[in-house]
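Remarks on the structure that follows.
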Amino acid sequence: MTKLRRLGGLALTVGAGSVAAAVALTLPGPASAGTTLGASAAETGRYFGTAVSVGKLGDSTYVGILNREFNRVTAENEMKWDATEPSQGSFNYANGDRILNQAVGNGSRVRGHALAWHNQQPGWAQGMSGSALRNAMVNHITQVATHYRGRLYAWDVVNEAFADGNGGGRRDSNLQRTGNDWIEVAFRTARAADPGAKLCYNDYNTDGVNAKSTGIYNMVADFKARGVPIDCVGFQSHLTNSVPGDYQANLQRFANLGVDVQITELDISGSNQANVYASVVRSCMAVARCTGLTVWGIRDSDSWRTGQNPLLFDNNGNKKAAYTSTLNALNAGGPTVPPSSGSPSSSSPPSGGTCSATVRDGTRWSDRFNSEVTVSGTNTWTVVLALTSPQTVSSTWNSTYTYDAATRTVTLRPNGNGNVFGITVLANGNFTRPTVRSCTAA
């Protein structure tokens with residue numbers, strides 16, 4: 001569970017063969033596929049990440065492993081409510097930004113954790129209730145998600161809102177007591193603040209089919225049926241010596257609802273550790289919409305499970321047997337993650353008139369990546385995309401463009417080949433998806 005202080009050529013889907021006929025590129029392949037966790041996971045379109053503590057970024061052994069092995073990062077505590085809004089209306093992003101900048105500098109993407117949780121609330125929020133707390137939660141989500149807009153690939157919007165031993169019901173908390181719709185409100189607020197981020201629900205003791213996981217399953221099914229924006233479900237997977245026999249089946253039933261699933265806080269203790277790690281990885285690899293795994297820490301000495309040695313590296317940073325079994329399971333492969341799972345559901349980027357545009361992740365290489373943009377509402381449009389420093393535009397297809405280096409914005413217009421176009425971005429170490437600044441009908 002999320003403990004306190006933890007504590008927590010060019011492959012396109014557009015216009016027949018016109019692109020291939022127009023351009024021939026030789027693009028670099030993966031630099032070290034199969035030799036590190038992140039590179040191996042990327043072979044099937046997945047990621048392998050870790051939780052990072054800002055206090056350890058001065059540790060050269062820690063940072064060396066982080067930079068070598070992982071291509072996704074979750075801030076351990078630095079983006080939670082108590083860290084980002086210690087006084088009401090006064091926000092502090094310094095430590096979260098430091099983790100983000102370190103990750104981006106190493107070519108990794110970042111998952112935000114977590115916008116709303118009954119634990120690790122600042123003292124001022126703990127003393128609130130009713131509409132005052134609801135309004136404070138909405139403002140907090142809006143401000144924090146807006147600060148990181150376009151820079152994080154996903155958010156754990158709500159964390160651990162279901163109870164153990166309650167027949168699949170909600171946890172009693174100050175947030176729950178503001179009204180049963182609080183989770184829906186949190187997700188809608190997050191989508192409005194950052195339309196490009198994938199929005200996830202995250203919880204523990206949900207690894208198999210049980211009352212708690214079924215309660216969450218029912219909530220997700222309801223959200224999908226009613227158009228509440230939810231893109232992914234995280235399974236923390238704090239395990240000891242075994243994995244539930246229906247672990248893979250549980251992941252698959254959630255994926256069948258049309259959401260991505262991820263292993264978000266993996267750590268495993270016990271004498272059977274190496275085998276259990278391999279089993280968890282194989283289960284994820286077998287589910288096409290299981291898009292990645294994150295271990296909760298790097299070395300055993302970094303773990304919140306003190307003395308249980310549940311991670312992939314020992315206290316000195318040496319690879320353990322569990323590391324080898326995990327890498328072998330990744331290298332065994334599985335179905336490739338489908339492209340559709342690279343985009344958030346029901347995205348509503350800024351628009352003008354009857355024009356709207358949505359962005360979907362495309363092919364990624366070691367130094368650049370594609371994004372596909374779909375425009376609806378008009379055949380004559382102008383779309384402005386914002387890149388993230390130090391990215392630059394390389395080329396576009398099915399559109400003409402101008403680039404403003406000062407603002408890192410790309411202005412695109414149709415070239416007569418339809419309303420689906422794309423952009424190739426030189427990452428320069430930052431693989432953040434472009435965001436829609438505006439869409440204007442001509």
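The values are calculated or read from the model by the stated rules, or taken from the named source; none is laboratory data. Since we're looking at a predicted model, the values are computed, not measured. We place every Cβ from the backbone using ideal geometry, glycine too, and count neighbours over all the protein chains shown.
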### Query
How many of the residues making up segment 383-393 are closer than 20 Å to residue 419 by Cα and either of a type in the set (Gly, Ala, Ser) or surrounded by fewer than 16 Cβ atoms within 10 Å (Cβ to Cβ) (or both)?
1
## Note on the structure
Within segment 179-233, of all residues that are among the aliphatic types (A, V, I, L, M) and part of a loop (DSSP other than H, G, I, E, B), the one nearest to residue 164 (Cα to Cα) is 209
### Query
Is there a residue being over 30 Å from residue 128 (Cβ atoms), buried (at least 21 other Cβ atoms within 10 Å of the Cβ) and at pLDDT below 95 anywhere in segment 62-69?
no
### Message
Criterion first (buried (at least 22 other Cβ atoms within 10 Å of the Cβ), outside any helix (DSSP H, G or I) and of a type in the set (Val, Ile, Thr)) does residue 104 satisfy it?
### Response
no
### Enumeration of residues in segment 119-134 that are buried (at least 16 other Cβ atoms within 10 Å of the Cβ) and more than 19 Å from residue 296 (Cβ to Cβ)
121, 122, 125, 128, 133, 134
### Query
Which of the residues spanning segment 239-267 are of a type in the set (A, V, I, L, M), under 17 Å from residue 335 (Cβ atoms) and buried (at least 22 other Cβ atoms within 10 Å of the Cβ)?
251, 259, 261, 263
### Summary
Note on segment 114-161: residues farther than 15 Å from residue 189 by Cβ, more than 21 Å from the chain's Cα centre (by Cα) and hydrophobic (A, V, I, L, M, F, W, C) are 124, 125, 128, 132
